[in-house]
Amino acid sequence: QEQLVESGGGLVQPGGSLRLACTAHGFSLAHYAIGWFRQAPGKEREGVSYMGGSDGSIYYEDSVKGRFTISRDRAKNTVYLQMDNLKVEDAAVYYCAATFRGVLVRNAQEFHKWGQGTQVTVSS
């Protein structure tokens, strides 16, 4: 019933852009902190970007800083991850996650709701 659904993944060339969306179904993201995570083949899951539920805070991991932008559209109950200047090393399955917190959260263990993931492939 309560689900997070990612969309927007696909194949893009290095230097290209994608916008991922994470839409909540069955509940409101209004007061949930959001995390974007990714897992590449042979790699551990890593954090990408985070947004506090109500304090307006945003954090980007160094690997994506300056290239990715996290945002929220409360009217659409959706969180976005705009990915620009994509690199081959960005290829991964991207997951959104939510936890009922006002402050920004970076620890994956603190997130209670997870989406199914969307594949991002970066290849020439």
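Relative to the current alpha-carbon distance between Q82 and E44, full extension at 0.36 nm per residue lengthens the span by 11.5 nm.
Which longest run of the chain has no exposed loop site in it, a site being chymotrypsin sites (Phe, Trp or Tyr not before Pro) in a DSSP loop with at most 16 other beta carbons within 10 Å, and the site itself not part of the run? Longest site-free region, per DSSP loop and neighbour criteria: 28-99. Taking Q82, Q39, Q109 as the candidate residues, the one with maximal mean-square fluctuation in a Gaussian network model of the chain, Cα springs under 10 Å, is Q109. The aspartates and glutamates within cross-link reach of K76, meaning a Cα-to-Cα straight distance under 17 Å and a gap of 8 or more places when in the same chain, are E2, E6. For the chain, modelled as a GNM whose springs connect Cα atoms under 10 angstrom apart, the maximal fluctuation among V79, V88, V103 occurs at V88.
Count the DSSP beta bridges whose two residues both fall in the chain, then state the antiparallel fraction as a percent rounded to the nearest 5. Counting only bridges with both partners in the chain, antiparallel ones make up about 90 percent. Between the residues Q82, A30, A97, the greatest Cα displacement towards the positive end of the dipole of the chain, with unit charges on the Cβ of Lys, Arg, Asp and Glu, is found for A30. Charge dipole of the chain (Cα centre as origin; +1 on each Lys and Arg Cβ, -1 on each Asp and Glu Cβ, all else neutral): 160 debye, rounded to the nearest 20. Among the protein heavy atoms of the chain, carbon and sulfur supply 46% of the accessible surface, probe 1.4 Å, non-protein parts ignored.
Within the same chain, lysines fewer than 8 places from K43 are excluded, and of the rest, those with a Cα less than 26 Å from its Cα are K65, K87, K113.
Note on T121 and F27: the extension gain reaches 30.9 nm, defined as 0.36 nm multiplied by sequence separation minus the Cα-Cα distance.
Solvent exposure of the stretch 1-92, expressed per residue, is 50 Å² of accessible area, with all protein chains present and a 1.4 angstrom probe.
Loop-located trypsin sites (Lys or Arg not before Pro) in the stretch 64-96 (DSSP state not H, G, I, E or B) with no more than 10 neighbouring Cβ atoms inside 10 Å: K65. For the chain, the relative contact order comes to 36 percent (Cα pairs under 8 Å, sequence separation of at least 6).
Checking every one of the GluC sites (Glu not before Pro) in the stretch 7-114 against DSSP loop status and a limit of 13 other Cβ atoms within 10 Å picks out E44. Taking amide H as placed 1.01 Å from N in the peptide plane, F27 has its amide H under 5 Å from the amide H of Q3, each at least 5 places away in sequence or on another chain. At what distance in angstrom do the alpha carbon centres of the stretch 1-52 and the stretch 68-106 lie from each other? One Cα centre to the other: 5 Å.
The values are calculated or read from the model by the stated rules, or taken from the named source; none is laboratory data. Quick caveat: nothing in here was measured; it's all calculated off a predicted structure. With ideal geometry, Cβ positions are generated from the backbone for all residues, glycine too; neighbour counts draw on all protein chains shown. The protein model used for the area step is the full one, side chains on, heavy atoms only, and it has no ligands, DNA or RNA in it. Shrake-Rupley method; radii C 1.70, N 1.55, O 1.52, S 1.80 Å.
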